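> The structure follows.
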Amino acid sequence: MTIILDENLPRGLLRMLAPRTAATAQQAGYAGMENGQLLAALEGVFDILITADKNLRYQQNLTGRQLAIIELPTNRWPLLHPLQARIIEAVDSCQPSNYVVVHAA
């Protein structure tokens, strides 16, 4: 399972997700891409996209995509850190083409 973090997410998530294989959009060379272009580029390369973009599912046609998407409630590390167990559970239970929303406590 390979995970990519949308470019607006804190790098602390990489440590949280260890030992799973994860990279930021910047590290993987996808920085600055618009959502549609990004999703197309990630398809077949990564298994899971983690994002805090709450509009992604409304702005993009996700039908037929194999890429799973996990939506976080925020991109602020102090608010994400306490959600570690929920985020890990979402990652570990995610299946291809799932869209999972992690809710704040």
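> Condition first: assigned to a loop (DSSP other than H, G, I, E, B), in contact with a Gly (Cβ under 7 Å, 6 or more places away or on another chain) and either in contact (Cβ under 8 Å) with a residue 12 or more places away in the chain or surrounded by fewer than 19 Cβ atoms within 10 Å (Cβ to Cβ) (or both). Can you find one or more residues in the range 46-53 that meet it?
no
> For the range 86-105, what are the residues that are part of a loop (DSSP other than H, G, I, E, B) and in contact with a helix residue (DSSP H, G or I) (Cβ under 8 Å, 6 or more places away or on another chain)?
Listed by number, the residues that qualify are V102, H103, A104, A105.
> Between residues in the range 28-42 that are over 17 Å from I3 (Cβ atoms) and residues that are assigned to a loop (DSSP other than H, G, I, E, B) and acidic (D, E), which pairs lie under 8 Å by C-beta distance while being six or more apart or on different chains?
G32/E7; N35/D53
> L13 versus (1) assigned to a helix (DSSP H, G or I); (2) surrounded by 13 or more Cβ atoms within 10 Å (Cβ to Cβ); (3) aliphatic (A, V, I, L, M); (4) over 11 Å from the mean Cα position of the chain (by Cα): which is the lone unmet condition?
All conditions are met except number (4).
> All but one of (1) under 15 Å from L80 (Cα atoms); (2) under 12 Å from the mean Cα position of the chain (by Cα); (3) modelled with pLDDT of 95 or more hold for N8; state the number of the condition that does not hold.
Only one criterion is unmet by N8, namely (3).
> Determine whether G36 is outside any loop (DSSP other than H, G, I, E, B), surrounded by fewer than 15 Cβ atoms within 10 Å (Cβ to Cβ) and of a type in the set (G, A, S).
Against the criterion (outside any loop (DSSP other than H, G, I, E, B), surrounded by fewer than 15 Cβ atoms within 10 Å (Cβ to Cβ) and of a type in the set (G, A, S)), G36 qualifies.
> Can you say whether L83 is assigned to a helix (DSSP H, G or I) and either buried (at least 17 other Cβ atoms within 10 Å of the Cβ) or in contact (Cβ under 8 Å) with a residue 60 or more places away in the chain (or both), as far as the supplied structure shows?
Yes, satisfied.
The values are calculated or read from the model by the stated rules, or taken from the named source; none is laboratory data. From a predicted model like this one, the values you see are computed outputs, not experimental measurements. Neighbour counts are summed over all protein chains in view; Cβ atoms, including those assigned to glycine, are modelled from backbone coordinates with ideal geometry.
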